[in-house]
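Since the structure comes first, as structure tokens, the remarks are kept for the end.
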Amino acid sequence: MSESPPLKSKRFAVLAERDINKETFVEPWPEAGLIVADSPHDPSPSLCMVDGRVVEMDGRARADFDVLDAFIADHYLDLAIAEATMHMPSVQIARMLVDINVPASEVRKLALACTPAKLCDIVRHMNVLEMMMGLTKMRVRRTPANQAHVTNRRENPALLAADAAEAALRGFAEIETTVGIARMAPLNALAILIGSQSSRPGVLTQCAIEESMGLRLAMKGLTTYAETLSVYGTERSFADGDDTPWSKAFLASAYASRGVKIRFTSGTGSEALMGSSEGRSMLYLEARCLCVTRGAGSQGVQNGSISCIALPESLPGGVRVVLAENLLAALLGLEVASGNDALASHSQIRKSAKLMLQFIPGTDFIFSGYSAVPRRDNMFGGGNFDADDLDDYNVLQRDMQIDGGLRPVLEAEVLDARRAGARAIQAVYAGLRFPSIGDEEVDAAIVAHSSEDMPERDIVADLAAADLFLSGADDVQCAVAALEDAGLAVAAANVRTMLRQRSVGDHLQPAAIFVPDAASSNGMRVASAITEPNDYRGPGSGYRVEGARWEEMQRIPQARSPRDFIADRIGTPLKNLHELGDATQGRYNEVILAVGPAFGRVLTRTIGGLEHEEVLAAIFTGVAREGMTARLVRVYHTSDCAAIGQVASTLSGSGIGIGLQSRGTAVIHRKGMPRLHNLELFSFSPSMTLEIYEQLGANAARYARGMAVKPVPVMIDNWARLRLIVKTALLHRRETEEIRERKPQELLFDWEPDV
């Protein structure tokens, strides 16, 4: 006898096809670094000092220090209070982090005296909600902001400039590009600089490229910030990168000396990805990175797992630890560009949930960066959120009254900005004698969604121009001159202003961005941890979305006047509907159809767009088809569908009545039944058709005759409430406005029965 095949659940088969099950999930493996926190190989917090010098830290004697230990001990720790701080219970510091009565400065002072293991021990006591509360308090700049990625597969300069101009218009404070071909870096950096400044002044730009090349671009004036100075949590990882903490500190100083803002890059998972985790947890190694970052004098850090995000997300607690590393960075007083950049999940639910951990408390840059181009054009490996999600993101801001750093825009505004960006880079290419950008390229860039909408360029000629520009004497000043020669004075002035700012250096402050300021001579000011520090101290304090910013966030293009939703349902009263007087008790062979107070008088169509006259005719036809008579009554004292139906059944001689609201919701009621109990309810009015209304009338007549009745199949549209609940509420409100203290009125309906 053969065995029966194993049972298979149809529900599990459906679940198996869900996006979430395209992910990789693994169990922790500490020895391989596949553990996000609390590895058995993580050290316990400890610190010993002799004569003001650290001789032991986190279980390792000074003789055994690696380069990170030595750098942290000598350049990061506040040794004046380190021993006392290390003796404080970690849970006490964790509670201070959440306590709104403890100033951020007091907590930060302690944090700067904690070893990496101690920092991990502090956040170990905190759940996600508590960490979000801590991040709200510890963020260094008062207002959150956002960074954009602007790249394209064809590395088309007109499209780069147009996309940068649009990103600037949408409110991104920083714009980052990168390259598919390394030699294109000068032209790509130039394109987003010119494009962004043609839209609005003050947007910081950079090109993610090899570090020495990045410095050369900065010296040419093509970039105003850098964040590709990667640091790692183990000595081997640093060695593989041909770097040390000291060389990173030197490079940071080189950038700053040229007036270029810098932040380091780190994030959970990179050491495990490089095979150099030493069995330590991802969070512990990231804590070491952050201590190095602070010790090197960097004003900020790009962290949040960044391009490694799928690795911690494969493990238990991975998303929590990404939040923890963002919190630790803010705790140390660093500007935080908190990831959310790389594609994190197939699941829309999961990627949005991850974002909320930074979006709700706010970070200095919620994305580092948001893909302001379609995902297929994102040369950083695809964006977690991209250009297709811009409307969703603006609605999230509006939903929660949270400033996510973006602003809603109109299509005409975007087209104007893209035109300005594309024409500006066209003028610069002409002035610098680069391969020309034709008018057809500009026109295509203005309306393009992706690089697929752009004509092909001669990449060999562009590369030759990039090489010549990088090796020659020309720099961004030549681009400014080209803009001025072309009559593009605004773009030229904005680029020149950014060059002047490099001499002033205010944007080198922690978390510095330029924000619009009408009172300033150049139309902008620096907002940073110095000029606008985060002053959150609990409810009623800190940054609140209000005033002009809140008004702006509400003005999404999709929002309409509520009155517009029902304008086409308000019409001239039906000419073939006449009131005869107070309704009276009826005869045994009738079904009464009772309508709401606005039906056919003020409102003349259902929510589904059916004419009231046609609906009445359909119901009357159904009643007549079953050999009964329909009588029409208007109920004035209520707009409730169940109450209208109950009145109809009470007046009906057969005891069967139909209640019908103006928006189309209907009920078949029997005399003596409770108001909210019925024979049939037709609640999905948007799905109602004339055929259904006719069958409704026929069923009511069959109930009146005492016959067996097959109920009309319930029409269910699970999306109808999402689409139409506003219109439903407004139609019901308009019906309710017509309520009067009058008895039900008999109506004469002139119609031609179709039987």
What about S662, is it buried (at least 24 other Cβ atoms within 10 Å of the Cβ) and in a loop (DSSP other than H, G, I, E, B)?
yes
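Yes/no per residue for (1) within 30 Å of M498 (Cβ to Cβ); (2) not basic (K, R):
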| position | (1), (2) |
| --- | --- |
| I513 | yes, yes |
| A527 | yes, yes |
| D564 | no, yes |
| K575 | no, no |
Name the residues in segment 41-97 that are within 16 Å of L112 (Cβ to Cβ) and in a strand (DSSP E or B), would you?
L47, M49, V54, M57
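Residue-wise test of (1) surrounded by 15 or more Cβ atoms within 10 Å (Cβ to Cβ); (2) over 20 Å from G622 (Cβ atoms).
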{"position": "L679", "(1), (2)": "yes, no"}
{"position": "F682", "(1), (2)": "yes, no"}
{"position": "A700", "(1), (2)": "yes, no"}
{"position": "A704", "(1), (2)": "yes, no"}
{"position": "K710", "(1), (2)": "no, no"}
{"position": "I716", "(1), (2)": "no, yes"}
{"position": "L724", "(1), (2)": "yes, yes"}
{"position": "R734", "(1), (2)": "yes, yes"}
{"position": "W751", "(1), (2)": "yes, no"}
When you go through (1) touching a residue at least 24 places away in the same chain (Cβ under 8 Å); (2) of a type outside the set (D, E, K, R); (3) assigned by TED's automatic domain parsing to the domain that holds L283 one by one for A145, which number turns out not to apply?
(3)
Qualifying positions in segment 638-659 - of a type in the set (S, T, N, Q) and either touching a residue at least 40 places away in the same chain (Cβ under 8 Å) or crowded, with 24+ Cβ neighbours inside 10 Å (or both):
T638, S639, Q646, S649, S652, S654
Do the conditions hold for V102, that is, is it outside any helix (DSSP H, G or I), at negative phi and in the same structural domain as G317 (by TED's automatic domain parsing)?
yes
Which numbered condition F380 fails, given (1) in contact with a Leu (Cβ under 8 Å, 6 or more places away or on another chain); (2) over 30 Å from I100 (Cα atoms); (3) of a type in the set (F, W, Y):
(1)
Note: among G600, G622, G581, G586, just one is in the same structural domain as E741 (by TED's automatic domain parsing), closer than 16 Å to L747 by Cα and crowded, with 23+ Cβ neighbours inside 10 Å, namely G600
Members of segment 2-26 that are touching a residue at least 24 places away in the same chain (Cβ under 8 Å) and either of a type outside the set (S, T, Y) or in contact with a His (Cβ under 7 Å, 6 or more places away or on another chain) (or both):
R18, D19, I20, K22, E23, F25, V26
Taking segment 709-751 as the region of interest, how many residues are part of a loop (DSSP other than H, G, I, E, B) and farther than 21 Å from V647 by Cα?
13
Being surrounded by 17 or more Cβ atoms within 10 Å (Cβ to Cβ), free of Cβ contacts under 8 Å to residues at least 24 places away in the same chain, more than 32 Å from the chain's Cα centre (by Cα) and under 30 Å from R433 (Cα atoms) narrows it down to one residue among V476, V460, V480; which is it?
V480
Please list, ordered by residue number, the helices (runs of 4 or more DSSP H) wholly in segment 363-480 having 3 or more residues that are of a type in the set (D, E, K, R) and assigned by TED's automatic domain parsing to the domain that holds L327.
390-400, 411-431, 439-447
Report yes if some residue within segment 61-79 is over 30 Å from F359 (Cα atoms) and among the basic types (K, R); otherwise report no.
yes
Of all residues in segment 219-244 being of a type in the set (A, V, I, L, M) and touching a helix residue (DSSP H, G or I) at 6+ places or on another chain (Cβ under 6 Å), the one that is surrounded by the most Cβ atoms within 10 Å (Cβ to Cβ)
V231
Residue count for segment 266-276, restricted to those that are farther than 16 Å from V67 by Cβ and crowded, with 24+ Cβ neighbours inside 10 Å:
5
State all residues of segment 615-654 that are among the polar types (S, T, N, Q), closer than 23 Å to S687 by Cα and in a helix (DSSP H, G or I); if no residue qualifies, say none.
T621
Restricting segment 518-528 to residues that are outside any strand (DSSP E or B) and over 9 Å from G202 (Cβ atoms), which is farthest from the chain's Cα centre (by Cα)?
S521
So in segment 545-577, with the set limited to residues that are loosely packed, with under 13 Cβ neighbours inside 10 Å and of a type in the set (D, E, K, R), which one is farthest from R634 (Cα to Cα)?
E546
What about A729, is it in contact (Cβ under 8 Å) with a residue 12 or more places away in the chain, over 30 Å from Y588 (Cα atoms), out of contact with any strand residue (DSSP E or B) (no Cβ under 8 Å at 6 or more places or on another chain) and small (G, A, S)?
no
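The values are calculated or read from the model by the stated rules, or taken from the named source; none is laboratory data. Predicted model, so just to flag it, every value in this text is computed and none were measured. Every residue, glycine as well, gets a Cβ built from its backbone with ideal geometry; the counts of neighbours run over all protein chains shown.
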